[in-house]
1. Using the Karplus equation 6.51 cos²θ - 1.76 cosθ + 1.60 (θ = phi - 60°), what ³J(HN,Hα) coupling, rounded to whole Hz, does each residue of the range 122-131 give in order, writing x for Gly and Pro?
2. Counting only protein heavy atoms, what percent of the accessible surface of the range 1-139 is carbon or sulfur at a 1.4 Å probe?
3. Could you provide, to the nearest whole Å², the per residue accessible area of the range 1-153 with probe 1.4 Å?
4. Using a ≥ b ≥ c from the Cα gyration tensor of the range 1-84 (square roots of the eigenvalues), is it rounded, prolate or oblate, where a/c under 1.5 gives rounded and otherwise the larger of a/b and b/c decides, a/b for prolate?
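The values are calculated or read from the model by the stated rules, or taken from the named source; none is laboratory data. Just so it is clear, the structure is predicted and the values come from calculations on it, not from any experiment. Keep in mind that these areas ignore ligands, DNA and RNA; they rest on the heavy atoms of the full protein, side chains included. Shrake-Rupley method; radii C 1.70, N 1.55, O 1.52, S 1.80 Å.
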Amino acid sequence: YSTFETRAMDGSGALKERAAALITGPETRQLWMDQAELKRISLVEAIKENGDLKLQQANRVGFENATRERADLIADPNIPEAVREQARQENAAAIQLGQSSGLVTPEEAGNLRSANVEGADERLAINRAEQGILNNPEQVLKDLAINGGTIGADFKDLTYEQRLTLAAKARSALDQRNVGVRSSLATIEQNAPAAISATGTYDYRLPTVE
């Protein structure tokens, strides 16, 4: 594509000369050539501008996709911290380069930083909280520090509203777990007397509710 303009000008110029050779009258030939030259240059320039625009659009799409892919790495709580930090640095550098080269405007670069650098860190904190709620909701509640205390390092990038939403999920998980524990205890209370009466012992296993 980098040689398109040169090739197009050479090729269309040669075509114009061959076409002009078919016109016998010198004055008519020259008039036609002058008119054809203006059209030829305009056409080549229009095609080149359209190609430049499509190339820029393709570059932008590839650029934005790459920043989103790196943002997904940053937000993944299961990858090594070194990989995450490298993705974070690469995104910041790539966005700055995109702005410097004119691929994106300063405003667009700011939006990309917000979404794929700062926003990726927010997503990471939320993903860590969601993962923690499944395994240890009490610790998540403590680290979210809704009722005071020190906010856990994993959640320092979250707003209060985001922490509040996650705390509600953690409390819900705790409530569900407590319901399960109470159900198991009720089953023990129900089944233990019969087991002891039949066998003389009860092994304290939590039987399935029948």
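1. 5, 4, 4, 4, 5, 4, 5, 5, 4, 5
2. Values: 4870 of 8750 Å².
With neighbouring chains kept in place, the figure for the range 1-139 is 56 percent.
3. On the way: 9560 Å² over 153 residues.
In whole numbers, the range 1-153 has 63 Å² accessible per residue.
4. Values: a/c = 9.08, a/b = 5.40, b/c = 1.68.
Prolate.
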